[in-house]
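The values are calculated or read from the model by the stated rules, or taken from the named source; none is laboratory data. Since we're looking at a predicted model, the values are computed, not measured. Cβ placement follows ideal geometry from the backbone for every residue including glycine, while neighbour counts extend to all protein chains displayed. To get the accessible areas, we keep the full protein, side chains included, count just its heavy atoms, and leave off ligands, DNA and RNA. Shrake-Rupley method; radii C 1.70, N 1.55, O 1.52, S 1.80 Å.
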Amino acid sequence: MDPTDIENPDYFHRVVDCQWACPAHTPVPEYIRMIAAGQYADAYMVNWRSNVFPGILGRTCDRPCEPACRRVRVEKEPVAICRLKRVAADYKGDITDRLPVVPTKKNGRRIACIGAGPASLTVARDLLPQGYEVVIYEADPKAGGMMRTQIPKFRLPESVLDEEVDLVMDLGVELRAGQKIDSLRALLAENYDAIFVGCGAPRGRELPLPGREEAKAHIHIGIDWLSSVSFGHTTKIGKRVIVLGGGNTAMDCCRSSMRLGGEKVTVVVRSGFEEMKASPWEKEDAMHEGIPILNFLVPQEFVHEKGELRAVRFQKVKAEKDAKGRRQLVTTGEPDVIIECDDVLVAVGQENSFPWIERDIGLEFDKWDMPVVNEKTMRSTHPRVFFGGDAAFGPKNIIWAVAHGHEAAVSIDKLCNGEDLAHRPRPAVEVISQKMGIHEWSYDNSPSNDARKKVPLRDKEVALKDIRMEVELGFDDKLAYEEAQRCLNCDVQTVFSDRLCIECDACVDICPMDCITFTGNGEENDLRARLRAPALIKEQALYVSGELKTTRVMVKDEDVCLHCGLCAERCPTGAWDMQKYIMEMTQAGSACRS
Amino acid sequence: MTWIARPKFHHASLTKNEQGCTRRDYEGTISTLCAGCGHDSISAAIVQAFYELSIAPHRVAKLSGIGCSSKTPTYFLGASHGFNSVHGRMPSVLTGANLANRDLIYIGVSGDGDSASIGFGQFAHSIRRGVDMIYIVENNGVYGLTKGQRSATADEGTTMKKGEVNTDKPIDMISMAIKLGASYVGRSFSGDKEQLIPLIKGAIQHRGAAFLDVISPCVAFNNHAGSTKSYDWVREHNEAVNQLDVMMDHEEMVLQQSPGTVEDVAQPDGTVLRLHKIAMDFDPTDRIKALDYLERHAAEGELVTGLLYVDRKPKDLHDHLGTVATPLNTLGESDLCPGAKTLSAINASLR
Ligand SMILES: Cc1cc2nc3c(=O)[nH]c(=O)nc-3n(C[C@H](O)[C@H](O)[C@H](O)COP(=O)(O)OP(=O)(O)OC[C@H]3O[C@@H](n4cnc5c(N)ncnc54)[C@H](O)[C@@H]3O)c2cc1C
Ligand SMILES: Cc1ncc(C[n+]2csc(CCOP(=O)(O)OP(=O)(O)O)c2C)c(N)n1
Ligand code: SF4
Ligand code: SF4
Ligand code: SF4
Ligand SMILES: [Mg+2]
């Protein structure tokens, strides 16, 4: 193999799997170390810069980083990355003097955003400090989008939401609350320099079964019901509630029901428990509150008596592979199951809908009736219209909305400066040695053996009484420290200099994970077969050195490295060094321009 | 010095041997030697050898003298018995321990200073008595621990770190050991585990005095240009005569290679030492020829490595003394004291 090109910013980025997996590429280990050191405000600002809503995300993020966390390669559970983010937000203190300064003299460019969800708010946060004027049109009375209307307060207290939404609003957003856009053509005519569509995926999917129309008074579409709860219009539900669907909306519906008078709340899913779309922790939280989840039951009918909902009838099914090997649900032949209820919440999916975008304004839609959007630039086929968040590619989550927002802001900034949107600068990368003394590093290189810490919860009896009462109490500083110490510092890279190596084997002998092999060079598959411990995760690249004196090469399997630095400590010549890799995504502003 | 403990985490593919132990279970505490010291590689080779042979750590006793090399038993086989003797006295203490309990496996770790200077006599007598042991000299040509004075194994003409040239004759531990009657003798290099691990395994299986001279560069005081014990010099002058395979399992014993290139030496315990010949004219079972070969090649400036001598029918200290099979330390009073009746019978026979 050719020597690895460690100058390529992606090479070491891929070793920081959490950061790589995060749509906004938040420098995770960097902020975790800050939390361990008690530098909560610093940790908060690292987050705020890259994901805009640390306190919100620290409670609600879908956390794609955690399954990616390398700790699961050597131990059972990942670092509680998400809940550590919350710690930074909880203990940060006053950070107002660290916020960007918005120039009083504007640059003369005006941007309109549709919807005040996380995607639009990110666009505003990135563009306002650059001198742009940003107008956000929002149908609801307050900014926040689904973070406000959908996510229940027992998961995300209003004060936390308000605080972080206000950090953006106070940069000078002009919010046109209560103003629903019903024609993009009309908005385009107002001559904004760019328009960002961040209207989300606002429509809940229907379940058109017999009885739906007749019993409609007690059958509610999940997301409509949740927003009505959020605005305080709905404060009660029947004693027996059935929630249909297995996604995160279903989990919020059932848990909200438990707090609004539901006594016997049941979640019913068509397929298996394992196949449910809800995150494992959301299922766990629901079950912890005493909500059963029944699976392999397909709803057939809303049973009613003269329009009075009585029950839902389900067919029992099982999963089988058809002739082509595809998984299918087939009836078990057993009698149908009837579950009695007073109310039903339908949470079987969410859809986009763009009735207010005219189809003749040069903005193309595809065969699924979704706008055609470039995944890198977030631009539609209309040169001045950008999309992001759930509006762009269907319902995702907050962190994706933020990531889209950053990219759209870069595009808008480049557009307004007459630049090519496709030419996007690489992220800024710094690689700095962490050596402080002979065997001293600027980070704590001894990995902790602790198991993942549990977040303390409010007593169930108390929590279930008030829908606005936050369930999770968050880590205190001691737990936060212990959890932070579980992080393997995957951003502190092992950097090898072939010139310095005398091939003494000290690094090979000390490495607890058998990461390092000195051997003759060869093709990748051949080399992989000759490693001391063949890599478990082949997607992770091998780090191959140039030829050494004995004509061998050093091959390091990055896969399970603990970043313990022992290779560097035991190397007599400093051929190994531990260097921190800091990567900052390029955001709107001079850095993104050529 | 490294302050942190070696992390407990290990690679998922790490296997367990018949003892239910992974290789990591044969480690000791983290080394305090200089980073890059050859001695650490030898410790790693010892760990691997004991792991591969599935030896229960508590059946092993590690003994050593004084020196960086003699510190290493702390860094391997943490669950074994150990004794750190005074300078140069490892062979005597090991001999005593072996006499008292012949059931343990004895590994003596020493340095060139420990064995060729202060302990030269001790070394000689333990070898000629045929003490059943694995005697490893971690040979760096200097007294590492006392800051790099040249030792008795420093070659004539080698230069010291500050440029001074050694004009004394060196002691060649290998030919000494062969002459003194060691029944298993090998030389290797800390930087060549492929060669070293099988040599250690063979020494463990061998019953009798097994002696290994392992060149082990001292990165602090003897790894410069001009030194004949540096990584570079050893790599350039290393001439292996054979590559050993230690076969425990009869299944593996069928010879596949063309005859002539491979020689099997059966040991009394059933182990077969399979030697893949590299120097075709070298016969490690012939003491006189082996010594002659070593002399000739040393004169040409070669460092001959491999299994250099092995006795097909080794004898050990206990064979010479005719001791009972039961370890002496487990014999009770009734075994040791035959009683008044027997005593008077003996006395009567002598009157
Ligand atoms: C029940 C539920 C729970 C969820 N929980 C989580 C969670 O825990 N974690 C997570 O990461 N994600 C969660 N999500 C998903 C997350 O809320 C969304 O992915 C995210 O809010 C999308 O952001 P956005 O900026 O694209 O739009 P949204 O947040 O959907 O905001 C769009 C805004 O646009 C406004 N709008 C729409 N059309 C117009 C118009 N024509 N004119 C003016 N205004 C308009 C809407 O009123 C809305 O305020 C959840 C979603 C639901 C339904
Ligand atoms: C009786 C006695 N004399 C002298 C010393 C000082 N001393 C300690 S280690 C050592 C030499 C060790 O050299 P070697 O055995 O080659 O070990 P290395 O450190 O090179 O591995 C000496 C002379 C001592 N400890 N005890
Ligand atoms: S930092 Fe070095 S010694 Fe530690 S696990 Fe990684 S490669 Fe091995
Ligand atoms: S410890 Fe350093 S000099 Fe020795 S083999 Fe490893 S990288 Fe090379
Ligand atoms: S002084 Fe030499 S022998 Fe001693 S630990 Fe350092 S390198 Fe090894
Ligand atoms: Mg020495």
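Computed quantities for the displayed model
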| quantity | calculated |
| --- | --- |
| Conditions (1) more than 27 Å from residue A:425 (Cβ to Cβ); (2) modelled with pLDDT of 95 or more; number of the one not met by residue A:1 | (2) |
| Close pairs from region A:575-594: first basic (Lys, Arg), partner open to solvent by 60 Å² or more (accessible area, probe 1.4 Å) and at pLDDT 95 or above, Cβ under 6 Å, at least 6 apart | A:593/A:417 |
| Hits in region B:10-34 - residues which are under 30 Å from residue B:223 (Cα atoms), away from every other protein chain (no Cβ under 11 Å) and open to solvent by less than 30 Å² (accessible area, probe 1.4 Å) | B:26, B:28 |
| Enumerated helices (runs of 4 or more DSSP H) restricted to region A:456-542, each holding at least 2 residues that are over 17 Å from residue B:7 (Cβ atoms) and away from every other protein chain (no Cβ under 14 Å) | A:460-463, A:477-484, A:524-529 |
| Positions within region A:435-455 being open to solvent by less than 70 Å² (accessible area, probe 1.4 Å) and within 14 Å of another protein chain (Cβ to nearest Cβ), in sequence order | A:437, A:439, A:441, A:443, A:445, A:446, A:447, A:448, A:450, A:451 |
| Residue tally, condition within 9 Å of chain A (Cβ to nearest Cβ) and at positive phi, over region B:35-61 | 1 |
| Residue within region B:105-124 that is of a type in the set (Val, Ile, Thr) and within 16 Å of ligand 5 (Cβ to nearest atom) present | yes |
| Any hit, region A:314-325, residues being at pLDDT 95 or above and either within 16 Å of ligand 6 (Cβ to nearest atom) or of a type in the set (Phe, Trp, Tyr) (or both) | yes |
| Of all residues making up region B:142-152, the number that are within 10 Å of ligand 5 (Cβ to nearest atom) and away from chain A (no Cβ under 14 Å) | 6 |
| Test result for residue A:400, in a helix (DSSP H, G or I) and open to solvent by 10 Å² or more (accessible area, probe 1.4 Å) | yes |
| Index of the failed condition, residue A:82 passing every other in (1) open to solvent by less than 20 Å² (accessible area, probe 1.4 Å); (2) more than 14 Å from chain B (Cβ to nearest Cβ); (3) touching a residue at least 40 places away in the same chain (Cβ under 8 Å) | (3) |
| Among the residues listed as B:182, B:220, B:152, B:210, the single one being within 16 Å of ligand 4 (Cβ to nearest atom), modelled with pLDDT of 95 or more and among the aliphatic types (A, V, I, L, M) | B:220 |
| Close pairs (9 angstrom Cβ cut-off, 6 or more residues apart or separate chains): over 15 Å from residue A:104 (Cα atoms) in region A:122-135, of a type in the set (Lys, Arg) and surrounded by fewer than 24 Cβ atoms within 10 Å (Cβ to Cβ) anywhere | A:135/A:110; A:135/A:176 |
| Residue list for region B:160-219, filter: surrounded by 22 or more Cβ atoms within 10 Å (Cβ to Cβ), under 21 Å from residue B:237 (Cα atoms) and of a type in the set (Lys, Arg) | B:187 |
| Matching residues in region B:87-114 - criterion: being touching a Pro at 6+ places or on another chain (Cβ under 7 Å) and within 15 Å of residue B:206 (Cα to Cα) | B:102, B:103, B:108 |
| Region A:543-580, residues that are of a type in the set (Asp, Glu) and within 10 Å of chain B (Cβ to nearest Cβ) | A:557, A:559, A:569 |
| Qualifying strands (runs of 3 or more DSSP E) (wholly inside region B:1-112; at least 1 residues being away from ligand 2 (no atom under 16 Å from the Cβ) and in contact with a Phe, Trp or Tyr (Cβ under 9 Å, 6 or more places away or on another chain)) | B:60-64, B:105-111 |
| Sole residue being touching a strand residue (DSSP E or B) at 6+ places or on another chain (Cβ under 9 Å) and of a type in the set (Gly, Ala, Ser), chosen from B:163, B:226 | B:226 |
| Pair list, Cβ < 7 Å and 6+ apart or interchain, from region B:63-81 residues that are open to solvent by less than 60 Å² (accessible area, probe 1.4 Å) and away from ligand 3 (no atom under 16 Å from the Cβ) to residues that are part of a strand (DSSP E or B) and aliphatic (A, V, I, L, M) | B:64/B:109; B:69/B:109; B:70/B:109; B:72/B:109; B:73/B:109; B:77/B:60; B:80/B:60; B:80/B:61 |
| Residue match in region B:242-251 (condition: at negative phi and open to solvent by less than 10 Å² (accessible area, probe 1.4 Å)) | yes |
| Failed condition for residue B:6, given (1) surrounded by fewer than 16 Cβ atoms within 10 Å (Cβ to Cβ); (2) facing another protein chain (nearest Cβ under 10 Å) | (1) |
| Those residues of region A:163-192 which are surrounded by fewer than 14 Cβ atoms within 10 Å (Cβ to Cβ), under 26 Å from the mean Cα position of the chain (by Cα) and not in a helix (DSSP H, G or I), in sequence order | A:170 |
| Region B:316-351: number of residues that are touching a residue at least 60 places away in the same chain (Cβ under 8 Å) and of a type in the set (Asp, Glu) | 2 |
| Flag if residue A:206 is open to solvent by 20 Å² or more (accessible area, probe 1.4 Å) and either touching a helix residue (DSSP H, G or I) at 6+ places or on another chain (Cβ under 6 Å) or more than 30 Å from residue A:340 (Cα to Cα) (or both) | no |
| Some residue of region A:481-504 being open to solvent by 20 Å² or more (accessible area, probe 1.4 Å) and either within 18 Å of residue B:15 (Cβ to Cβ) or within 16 Å of ligand 2 (Cβ to nearest atom) (or both) | no |
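Residues checked against (1) part of a loop (DSSP other than H, G, I, E, B); (2) over 24 Å from the mean Cα position of the chain (by Cα):
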| residue | (1), (2) |
| --- | --- |
| A:232 | yes, yes |
| A:241 | no, yes |
| A:246 | yes, no |
| A:253 | no, no |
| A:256 | no, no |
| A:275 | yes, no |
